[in-house]
Amino acid sequence: MEKLNRMAIELVDEALEYAEELNVGAFELDAGTTVLDFGLDFPGGMEAGLLCTEIQTAGLATIQRDLGRLGDATIPYVELSTDQPARALLGSQKAGWELATDDFEGLGSGPARALVAEEDIYQRMGYTEHFDLTALVVETDAEPTEAAADQVAAFADVTPESVFLVAFPTASVVGSVTNAARAAEMATYQLCEVGYDPLDIVSASGRAPVPPVPDDEETAIARTTDAVAYGGRVHLVVDEPFDRFDEIPSSASAEYGRPFAEIYGDRDWSFEEVPADLFGPATVTVDVIGGETHTFGDVDEDLLVESFDL
């Protein structure tokens with residue numbers, strides 16, 4: 001089985017080779033860590049966002065875009081599908097690394113997490129990796145620092161020059177695209193959180209609208225969360241029946257129905273205080289192989305029109 005980190009590094013090499021065409025940049029820190037700028041000082045774009053999502057999922061997902069309608073506006077949608085949902089979505093794409101030092105904060109996703117493998121999901125999957133190169137995708141509004149790179153290298157047990165950090169702010173085209181591509185991941189994560197075996201999820205597909213980019217990080221965070229919670233559609237194929245499929249969509253939460261700008265604002269933007277069951281897709285269909293098909297939740301286009309200021 002091909003390692004997540006090996007496959008992701010091949011995609012990082014592609015980003016470096018076509019940086020100019022992707023409207024992204026790259027530079028080295030003093031210790032040799034390579035930082036790829038996907039929206040900080042370089043504009044990035046839709047194609048950069050799709051490639052960034054491929055890096056996050058280590059090449060184990062197919063990501064594509066098309067155009068759809070929301071209210072009276074035409075906006076892009078992103079669709080992601082994978083037949084390796086445990087490794088691609090939970091083992092790689094999930095934003096499970098809170099990268100924090102004295103001079104830097106960011107939220108990390110990507111295959112570097114599998115080299116650390118301290119999150120509970122890796123024990124449940126029975127999966128870990130060892131590799132001499134690694135990539136971490138970091139959602140942040142600041143350039144990664146030497147201290148941040150050193151932390152990644154130390155935790156992943158690699159040298160700093162073996163680390164590639166792909167950085168972007170939420171308030172960027174790449175931020176909007178990569179977060180819209182999380183619908184399937186959020187459904188898979190919620191299902192596993194209520195006790196389902198991640199290895200019994202056979203296939204996952206998700207689709208969500210790409211929010212317009214605002215001029216501040218807080219609005220961007222709220223919009224990208226709304227995009228999945230109120231506009232994300234997911235289809236799962238699973239091996240085993242389960243009596244808690246109805247808890248996957250965001251509508252299962254008691255706080256469902258309000259824009260996330262209000263939900264976050266009520267908690268002074270302390271994300272850990274937001275109920276975890278809100279972070280699901282708007283609607284999910286679960287096909288049990290040889291069994292029943294279940295559908296729960298629904299999209300809320302009116303809320304999205306308001307959130308996106310369309």
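The values are calculated or read from the model by the stated rules, or taken from the named source; none is laboratory data. Here the structure is a predicted model, which is why all the values come from computation and not from measurement. Positions of Cβ are backbone-derived with ideal geometry, glycine not excepted, and every protein chain shown enters the neighbour counts.
Here are a few things to note about the model shown:
- Applying the criterion of at least 1 residues that are modelled with pLDDT of 95 or more and within 14 Å of Gly106 (Cβ to Cβ) to the helices (runs of 4 or more DSSP H) found wholly in segment 126-232 leaves 146-156, 173-180, 217-231.
- Single residue of Val286, Val274 found to be closer than 28 Å to Arg87 by Cβ, hydrophobic (A, V, I, L, M, F, W, C) and in contact with a Phe, Trp or Tyr (Cβ under 6 Å, 6 or more places away or on another chain): Val286
- Residue in segment 52-82 that is farthest from the chain's Cα centre (by Cα), counting only those that are surrounded by fewer than 24 Cβ atoms within 10 Å (Cβ to Cβ) and of a type in the set (A, V, I, L, M, F, W, C): Ala73
- Within segment 252-281, the set of residues being acidic (Asp, Glu), outside any helix (DSSP H, G or I) and touching a residue at least 12 places away in the same chain (Cβ under 8 Å) comprises Glu255 only.
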